[in-house]
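The values are calculated or read from the model by the stated rules, or taken from the named source; none is laboratory data. Just so it is clear, the structure is predicted and the values come from calculations on it, not from any experiment. Counting neighbours? That spans all protein chains shown, and the Cβs are built from the backbone with ideal geometry, glycine included.
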Amino acid sequence: MTTTHHPKVQRGRCPVCGHYGDDCTGGPTLHELADQAYAAFEVRTRRDGEDYVTLKADTPEWVLGIVRKAHDDGQRLPDDWRYKTVHEAFCSISDATRMQDADFDDLEAEFADGADVHHADLLAWGSSNSSRLRYCDDALADCGHSLENTAQLLQLGQGQERREVFAAVLDGLRERLETDAAS
């Protein structure tokens, strides 16, 4: 794993990890880990011409662990939509942490708002796994009867799943940071 050298900081903030003085971990930053994880994915094309996101053969074990975590700790079978969304979450976290400390609550909400808008995509998402109806049920419970149509319900349900995936990816990255700092 390639990491950026951390200078010895006695006062002020480490320019690499953003921690102050003795709190500098000297290990990889959240940005670096998200970048490494994002790079572990590739887009392939099936025989029918459909593109899908998958992991490369040489993917580090810690990235596999985060992908598993984003699939409900292995309780869910591998899923094209989830793989694509995990990949997008790594990209979003990497971009947000490139320059500044990110507000992860805002970033999670923004990520959830990235749900599909086209009816065909929403219907494909909802029909790809019957457990996805739970997200729509939760959205309906949260919004009451203020929804205008079924597409809006599907969009809010998908947004809830996007939020869940984002949280799992961010938690996995933070756990990796702690593991690297401890070693």
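Counting the residues of segment 103-124 that are touching a residue at least 40 places away in the same chain (Cβ under 8 Å) and either touching a Cys at 6+ places or on another chain (Cβ under 6 Å) or not acidic (Asp, Glu) (or both) gives 7. Residues of segment 38-47 include at least one that is assigned to a loop (DSSP other than H, G, I, E, B), without any contact (Cβ under 8 Å) to a residue 24 or more places away in the chain and surrounded by 13 or more Cβ atoms within 10 Å (Cβ to Cβ). Has segment 49-56 got at least one residue that is surrounded by fewer than 19 Cβ atoms within 10 Å (Cβ to Cβ), over 24 Å from residue 162 (Cα atoms) and at pLDDT 95 or above? Looking through segment 49-56, at least one residue is surrounded by fewer than 19 Cβ atoms within 10 Å (Cβ to Cβ), over 24 Å from residue 162 (Cα atoms) and at pLDDT 95 or above.
Table: residues versus (1) modelled with pLDDT of 90 or more; (2) surrounded by fewer than 18 Cβ atoms within 10 Å (Cβ to Cβ).
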residue: 89; (1), (2): yes, no
residue: 92; (1), (2): yes, no
residue: 98; (1), (2): no, yes
residue: 109; (1), (2): yes, yes
residue: 112; (1), (2): yes, no
residue: 117; (1), (2): yes, yes
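What helices (runs of 4 or more DSSP H), lying completely within segment 74-181, carry at least 1 residues that are out of contact with any helix residue (DSSP H, G or I) (no Cβ under 6 Å at 6 or more places or on another chain) and among the basic types (Lys, Arg)?
Working: elements: 80-97, 104-112, 119-127, 133-143.
Per the criteria, 80-97, 133-143.
With respect to the conditions (1) within 16 Å of residue 35 (Cβ to Cβ); (2) modelled with pLDDT of 95 or more, residue 85 lacks only one, and its number is (1).
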